[in-house]
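The values are calculated or read from the model by the stated rules, or taken from the named source; none is laboratory data. As the structure is a prediction and not an experimental result, all values here were calculated from the model. Cβ: placed from backbone, ideal geometry, glycine included. Neighbour counts: every protein chain shown. Ligands, DNA and RNA are excluded from the accessible area calculation, which covers all protein heavy atoms including side chains. Shrake-Rupley method; radii C 1.70, N 1.55, O 1.52, S 1.80 Å.
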Amino acid sequence: MAAFFVSDGIRLVNQLDSSFWRVAHGREIKLGKRSVIMAIVNVTPDSFSDGGRYQTVDSAVEHALQAVADGAEILDIGGESTRPDAASVSAAEEQARVLPVIEALSGRTQALISVDTYRAETARLAISAGAHIVNDVFGLQKEPEIAALSAETGAGLCIMHTGRNRQKLADIIDDQIFFLDRSLEIASAAGVLRDRIVLDPGFGFAKETPGENLELMARFEELHRFGLPLLAGTSRKRFLGAVTGREPAERDAATAATSALLRVQGAAVFRVHNVAINRDALAVADAMLAARNDTSKACHDLSDPHATL
């Protein structure tokens, strides 16, 4: 089987190894043999590529259900833009935006529901409303109480790396390790089980240049040192605009290219705006990986004198 090199004696990680991401309300999702798509549902007026399109409950729910029809298995509901120059919103405003959408979706789809928040109280209310996962763009380091909430409720955690509001290390992978090790220490101290956790290297979050993001893509497989499933969130990011010259809403083809490339490097979950185009790109990547796996297995069997003929 094709495997990824992992440093420091940590086991090799195969992109077709299966694992389960266990989440709140007794749910789980199988990762590994096929890509899993997380659809972005921004209930905001100012998100960088689709702000204002899904501000009402009805429009957000309709968009989310279409994403499920297109192939999404997770819906990530966010009520505050995380673009660098976005205005902050109060916890009450964030909750007013996301909670009605989560409540409506929990009764209309079997897709898993994620809440995109760094606030523990918003996360708690979202889980009570039906959310299964907390997607924290500050990696538990702004409100560590989210870790205790996951341990208490069984909620899945998407722990993201960010370089915002701190001094970064010079090497991009060293900085990932430095930050995410601390996040995992917080999770462990709170009693969070490892099968609740997916890691996100945070493309675009204080990776200020196209080169930094492209280097992170090129070295993505080094993140398997953590031995945890990885999420790729490149959708419509600014570095894709720098490479292609396209505006945010025109970057879906470039996003799909990155999704396929990162799938080959072992990403398991893909957070995207346009589900359909990424579903097709990832279907091709999954088929190629399965064929490579079959070829590797056949070659192993031929070289094994004890294999059954």
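In the range 230-243, which residue that is over 19 Å from I177 (Cα atoms) and small (G, A, S) is surrounded by the fewest Cβ atoms within 10 Å (Cβ to Cβ)? Spell out the reasoning first.
Restricting attention to the range 230-243, the residues satisfying the condition of being over 19 Å from I177 (Cα atoms) are 234-243.
Within this subset, residues satisfying the condition of being small (G, A, S) are 235, 241-242.
Numbers: S235: 26, G241: 16, A242: 14.
That would be A242.
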Pair list, Cβ under 9 Å, 6 or more apart: the range 138-152 residue over 15 Å from R166 (Cα atoms) and among the hydrophobic types (A, V, I, L, M, F, W, C), other residue open to solvent by 60 Å² or more (accessible area, probe 1.4 Å) and in a loop (DSSP other than H, G, I, E, B):
A151/L193
Here are the criteria: (1) open to solvent by 30 Å² or more (accessible area, probe 1.4 Å); (2) farther than 17 Å from I37 by Cα; (3) assigned to a helix (DSSP H, G or I); (4) of a type outside the set (V, I, T). Tell me which single one R246 does not satisfy.
(3)
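Can you confirm whether the range 258-265 contains a residue that is among the basic types (K, R) and open to solvent by 10 Å² or more (accessible area, probe 1.4 Å)?
Within the range 258-265, the first condition is being among the basic types (K, R), and the residues that meet it are 263.
The next check asks that each one be open to solvent by 10 Å² or more (accessible area, probe 1.4 Å); those that pass are none.
No; the residues of the range 258-265 include none that is among the basic types (K, R) and open to solvent by 10 Å² or more (accessible area, probe 1.4 Å).
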Among (1) open to solvent by 20 Å² or more (accessible area, probe 1.4 Å); (2) under 19 Å from E143 (Cα atoms), G227 falls short only on (2)
Reported set for the range 235-260 where residues are over 14 Å from G71 (Cβ atoms) and within 15 Å of the chain's Cα centre (by Cα) is S235, R236, K237, T255, T258, A260
In the range 228-252, what residues are out of contact with any helix residue (DSSP H, G or I) (no Cβ under 8 Å at 6 or more places or on another chain) and at positive phi?
G245
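Here is a yes/no grid of residues against (1) more than 19 Å from the chain's Cα centre (by Cα); (2) crowded, with 23+ Cβ neighbours inside 10 Å; (3) over 27 Å from I37 (Cα atoms):
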position	(1), (2), (3)
A151	yes, no, no
G154	no, no, no
I159	no, yes, no
F178	yes, no, yes
D181	no, no, no
Report, ordered by the first and then the second residue, all pairs with beta carbons closer than 6 Å, sequence separation of six or more or different chains, a first member in the range 67-95 that is farther than 22 Å from L125 by Cβ and in contact (Cβ under 8 Å) with a residue 24 or more places away in the chain, and a second member that is assigned to a helix (DSSP H, G or I) and small (G, A, S).
D70/A276
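Output the residue which, of all residues in the range 106-122 that are part of a helix (DSSP H, G or I) and open to solvent by 10 Å² or more (accessible area, probe 1.4 Å), is nearest to A148 (Cα to Cα). So that I can check it myself, show each step before the final result.
Going residue by residue through the range 106-122, those that are part of a helix (DSSP H, G or I) are 106, 120-122.
With open to solvent by 10 Å² or more (accessible area, probe 1.4 Å) added as a condition, the list becomes 106, 120-121.
Working: S106: 23, A120: 9, E121: 12 Å.
It comes out as A120.
A92: at pLDDT 95 or above, more than 25 Å from E247 (Cβ to Cβ) and either acidic (D, E) or part of a helix (DSSP H, G or I) (or both), yes or no?
Spelling it out, A92 is indeed at pLDDT 95 or above, more than 25 Å from E247 (Cβ to Cβ) and either acidic (D, E) or part of a helix (DSSP H, G or I) (or both).
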Looking at F239, F203, which is the one that is among the hydrophobic types (A, V, I, L, M, F, W, C) and more than 15 Å from I173 (Cα to Cα)?
F239
Can you go through L169, L140 and tell me which one is in a loop (DSSP other than H, G, I, E, B), out of contact with any Leu (no Cβ under 6 Å at 6 or more places or on another chain) and on the phi > 0 side of the Ramachandran plot?
L140
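In the range 40-50, is there at least one residue being open to solvent by 50 Å² or more (accessible area, probe 1.4 Å), more than 20 Å from the chain's Cα centre (by Cα) and at pLDDT 95 or above?
Kept after step one, since they are open to solvent by 50 Å² or more (accessible area, probe 1.4 Å), are these residues of the range 40-50: 45, 48.
Filter once more, so that each one left must be more than 20 Å from the chain's Cα centre (by Cα): 45.
If we keep only those that are at pLDDT 95 or above too, we end up with none.
Within the range 40-50, not a single residue is open to solvent by 50 Å² or more (accessible area, probe 1.4 Å), more than 20 Å from the chain's Cα centre (by Cα) and at pLDDT 95 or above.
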Where the second residue is among the hydrophobic types (A, V, I, L, M, F, W, C) and outside any helix (DSSP H, G or I) and the first is on the phi > 0 side of the Ramachandran plot and lies in the range 259-278, which pairs have Cβ atoms under 8 Å and are six or more apart or on separate chains?
G266/F4; G266/V13; G266/L230
Among residues of the range 186-214 being without any contact (Cβ under 8 Å) to a residue 40 or more places away in the chain, farther than 18 Å from A24 by Cβ and not in a loop (DSSP other than H, G, I, E, B), the residue least open to solvent (accessible area, probe 1.4 Å) is N213
